[in-house]
Amino acid sequence: MTRADPSRNAALVLFSGGQDSATCLAWALDRYRRVETIGFAYGQRHGVEMQARTRVRAGVAERFPGWAEKLGPDTVVDLSGYGALAESALTAEREIEMGEKGLPTTFVPGRNLVFLTVAAAHAYRRAIPVLVGGMCETDYSGYPDCRRATIEAQEKAISLGLGEAMRIETPLMALDKAETWALADELGGKALVDLIVEESHTCYRGERGTRHAWGHGCGTCPACELRAAGWEKYLETAR
């Protein structure tokens with residue numbers, strides 16, 4: 001894999017505590033000398049996502065001493081006002097289904113655009129020139145703000161607005177979920193895969209009671225189905 005320019009020695013990871021952002025955190029720690037994380041409390045229906053962030057970060061620091069030395073502060077930003085405006089099945093009691101505009105009701109309008117803008121403001125003050133996000137257009141659920149074209153346009157807008165270059169790295173953009181599991185394996189081996197399985201959270205319904213082979217979740221929402229299918233494909237490929 002191509003390593004980042006050594007002069008760009010710091011990165012800020014948009015970190016939700018899910019499988020994708022956990023893999024992105026490991027990816028950044030493998031490449032940059034200093035890595036910080038940022039999360040967003042945007043009125044999510046389920047607090048388990050915010051709890052997963054803490055557990056995954058702690059697990060990374062405990063299991064990977066070399067990465068622990070690079071892992072800097074975590075910042076959580078309160079965006080609950082935005083979440084109330086951009087109501088979805090992730091922020092309000094709504095059914096998870098396809099909406100009238102052909103997008104799933106889990107779509108939070110402009111979420112990645114808002115997150116990236118806020119993260120860029122924080123990164124600017126922290127002298128961090130790189131943002132890392134888990135956006136993916138291969139397995140995305142119809143979310144227009146996960147597309148490569150959207151992220152490239154946002155990178156340009158942010159850089160223009162800040163008056164200096166701000167790069168947005170999306171290491172999962174062209175990967176499916178099986179390849180994301182494989183990337184975690186490549187980066188941190190079984191220890192990282194086990195950590196992501198046990199501690200990360202993806203389920204839209206916020207279920208943590210049932211432990212499947214691929215982790216905790218309801219097993220029937222689109223996020224769980226995608227994660228489970230990727231896990232099975234990953235295991236088949238790894239054999």
>> Per 0.36 nm of contour for each residue apart, how much would the distance between Glu232 and Arg208 grow if the chain were fully extended, relative to their Cα-Cα spacing?
In response: 6.6 nm
> In the neighborhood of Arg55, defined by Cβ-to-Cβ distances under 9 Å, what is the net charge if each Lys or Arg adds +1 and each Asp or Glu adds -1?
Replying inline: 0
> Taking θ as phi - 60°, what are the ³J(HN,Hα) couplings along the stretch 114-129 by the Karplus curve (6.51, -1.76, 1.60), each to the nearest whole Hz, with x for Gly and Pro?
Replying inline: 5, 4, 5, 5, 5, 4, 5, 5, 5, 4, 4, 5, 8, 6, 10, x
> Taking the Cα-to-Cβ direction at Arg33 and at Glu152 and moving 7 Å from each Cα, how far apart do the two end points lie in nm?
Replying inline: 3.1 nm
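Any read-out appearing in this document is the output of simple, stated calculations on the displayed coordinates, not a laboratory observation. Just so we're clear, the structure is a prediction, and the values are computed from it rather than from any experiment. A quick note on method: Cβ atoms are made from the backbone with ideal geometry, for glycine too, and the neighbour counts reach across all protein chains shown.
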